[in-house]
Amino acid sequence: MAAKLKRGDKVVVLAGKDKGRQGEITRVMPKENKAIVDGVNVAVRHTKQSQTSQGGRIPQPMPVDLSNLALTDANGKATRVGFRFEEGKKVRYAKTTGETL
């Protein structure tokens, strides 16, 4: 099945504690049906100091379920993703504006 959301997409969170916040997808985990979005669902991890890294409280983005994310169109509003064939290739498009992504 083709992926509706990919790395680098600008998305908005639809549900949860970060509802309404926007960010860019940095990693997609299709087997777990989750994605990591920059600046969304951030948890503080306490790490011990080592020779290579400084210890302390390090903010780290945690995975968000794909069902709670929606792609943003050119206007910055949430949109659903559709698929169509253009010149023999399958492409994604925004359902609100109709433009290809």
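The values are calculated or read from the model by the stated rules, or taken from the named source; none is laboratory data. From a predicted model like this one, the values you see are computed outputs, not experimental measurements. Neighbour counts run over all protein chains shown; Cβ positions are idealised from the backbone, glycine included. Just so you know, the surface numbers come from the protein's heavy atoms only, side chains and all, with ligands and any DNA or RNA stripped out. Shrake-Rupley method; radii C 1.70, N 1.55, O 1.52, S 1.80 Å.
So what is Rg over Rh here for segment 14-65, counting just Cα atoms and using Kirkwood for Rh? Looking at segment 14-65, the ratio lands at 1.07. Per residue, the chain exposes an accessible area of 71 Å² to a 1.4 Å probe, with every protein chain left in place. Compare G20, G76, G88 in a GNM of the chain, Cα atoms joined below 10 Å, and give the one with the largest fluctuation. It is G88.
Distance between the 7 Å Cα→Cβ label points at M62 and E24: 2.5 nm.
Can you work out the FRET efficiency for the pair E87 and R7, with r the C-beta to C-beta distance and R0 = 25 Å, to the nearest 0.05?
Details: r = 24 Å, r/R0 = 0.97.
Once rounded, the FRET efficiency stands at 0.55.
Length gained on full extension, E99 to Q49, computed as 0.36 nm times the residue gap minus the Cα-Cα distance: 13.1 nm.
Between L14 and K31, the simple label model (points 7 Å from Cα in the Cβ direction) yields a spacing of 2.6 nm.
Just in segment 22-81: which trypsin sites (Lys or Arg not before Pro) are loop by DSSP and have at most 13 other Cβ atoms within 10 Å?
Values: sites: R27, K31, K34, R45, K48, R57, K77, R80; in loops: K31, K48, K77, R80.
For trypsin sites (Lys or Arg not before Pro) across segment 22-81 that sit outside H, G, I, E and B with at most 13 neighbouring Cβ atoms in 10 Å, the list reads K31, K48, K77, R80.
Apolar share of the accessible surface for the chain: 48 percent from carbon plus sulfur atoms, 1.4 Å probe. Taking GluC sites (Glu not before Pro) across segment 18-90, the ones in a DSSP loop with at most 12 further Cβ atoms lying within 10 angstrom of their Cβ are E32, E87. Of the residues G56, L66, I36, the one whose Cα sits farthest towards the positive end of the charge dipole of the chain is G56 (charges of +1 on Lys and Arg Cβ, -1 on Asp and Glu Cβ, taken about the Cα centre). About the centre of its Cα atoms, segment 60-101 shows a dipole size close to 120 debye [charges on the beta carbon of Lys, Arg (+1) and Asp, Glu (-1) only; nearest 20 debye]. For segment 26-89, what is the charge dipole size about the Cα centre, in debye to the nearest 20, if Lys and Arg each add +1 at the Cβ and Asp and Glu each add -1 at the Cβ? Dipole magnitude for segment 26-89 comes out near 260 debye.
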